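The values are calculated or read from the model by the stated rules, or taken from the named source; none is laboratory data. Everything numeric in this text was worked out from a predicted model, so none of it was measured. Here Cβ is always computed from backbone atoms with ideal geometry, including for glycine, and neighbour counts include all displayed protein chains. We work out accessible area using only protein heavy atoms, side chains counted, and drop any ligands, DNA or RNA first. Shrake-Rupley method; radii C 1.70, N 1.55, O 1.52, S 1.80 Å.
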Amino acid sequence: MANPRLRVLSSSAGLLAACGLLAAWAPAAAAVEVRGIHLETAGGPGAQLTLDLSAPSDRKLFTLENPARVVIDLPESRLAKGLRLPAGQGVVQSVRSGAQPGNTLRLVLQLESRQAPRSQLDTDAKGAHLTIFMGRPGAAKPAVASTAAEPVVPAAELALPESAEPVERAAAAQPVTARQPRPVVPGARDIIVAIDAGHGGTDPGAIGRAGTHEKDITLAIARALARRVDAEPGMKAYLTRDSDHFVVLRDRIVRARNAHADLFVSVHADSVANPGVAGSSVYVLSDRGATNEAARWLAERENAADLKGGVKLADKGGNLASLLLDLTQTASIGSSMEAAERVLTHLDRVGEVHKSQVQQAGFVVLKSPDIPSMLVETAYISNPGEEAKLRSVEHQEAVASAIFSGLRDYFRRNPPDGTLFAQQKGRGSMIAGNTR
């Protein structure tokens, strides 16, 4: 039987749409200020423009020909005083702005060639970030174990995600895998671990009293963790970013899915006003976050990626699609919790633990419904003592080793089918059976 809560959400959305009441956002009552504009390309036939907004805004997106242009209209909006438009780069020859009737701000991107635009809106406590994707930025395909991943295409825009962390913007470069020499085991695929270094680029994350940027610490620990994963026979790391650049939160999930990740771990360093607070914490997705994501996937199912195992939502009726997604999410959260508990146990051995139990929250990066996911707050960068430890390469390596040990413990007990870990567990079971 389908989850009644998900069925009600899906039915309510359909009713509102039928009545013409469902929209991405209602127009803002007060003028929305555009506080930042970022244009990024990755050498491929496309580009990404991100607008930092003071609040969510309705928008109209369309194209013009001769010359090729993408036009973004933002009702009741204006540019912040002194804000400069970015210079053209890549496929974007120029960026212009102008006023239209109804206090509408118009941005025009003149292109070298025709590109199909699409948009994505993310929010945080400070406002909203609207990203316009034109074509497929970055022609390079991220390498994955024995599988060619398609270029990253951000998820279609639907309901707005909940987020308990700042929303980041689009990447200027494709992610890469950490490369280390590794043995090849015939007939067994690698376990893929997607490692996500929080923040990046002009989003530094939290900043310690000594000036340490969270984005630098998370990248250092992510790289150290990737080296350990790659050194383990039967495991392979995939970094959502391996340099200091923006990555949209949902783009991180898409990249992990394109890499066929078996698990997703996002690395962060917490911050609070009280400098005496210390210790690490591990989070998985909350039930509320799962429910909101289920509503998004059910609404998006015509365009949604397949669930793991090849299950498609597009050709299923509402009740069956809801049931399949509910079962998948329940299993994923359960696996996330078990893996997170093992990571937390090992973190407790290298330093103080702020929360002795795995926590649950609605972080956007945890919302893949079929990939076990966790967010690790390695320490409080707002604590001067912990900030100093986080700057230490030795401590970074110790934290990475603790996370890796927890992940390895989990996969040894729960190896995905067709992996070396599964083969080893099977042989172990056979040997154990022969000794009885």
Which FRET efficiency, nearest 0.05, do ARG427 and GLU338 yield, Cβ-Cβ r, R0 22 Å?
0.45
Would you mind calculating the gained length between ARG114 and GLN357 on full extension (0.36 nm times residue separation, minus the Cα-Cα distance), in nm to one decimal?
82.3 nm
Starting from 0.36 nm per residue, how many nanometres of slack lie between SER401 and ASN274 once their C-alpha separation is accounted for?
42.9 nm
For GLU76, GLU65, GLU214, the accessible-area ranking with a 1.4 Å probe, largest leading, is GLU65, GLU76, GLU214
Please list 275-284, 194-203, 215-224 highest first by mean number of surrounding beta-carbon atoms within 10 Å per residue.
194-203, 215-224, 275-284
Averaging over every viewing direction, what projected area does the convex hull of the Cα atoms of the range 336-396 cover, in nm²?
4.8
With a Förster distance of 41 angstrom and the Cβ-Cβ distance between ARG349 and ALA188, calculated FRET efficiency to the nearest 0.05 equals 0.85
What's the extension gain from PHE62 to ALA31 if we count 0.36 nm per residue and subtract their Cα-Cα distance?
9.0 nm
List the pairs from LYS215/LYS389; LYS60/LYS215; LYS236/LYS425 whose alpha-carbon separation is above 22 Å, in the order I gave them.
LYS60/LYS215
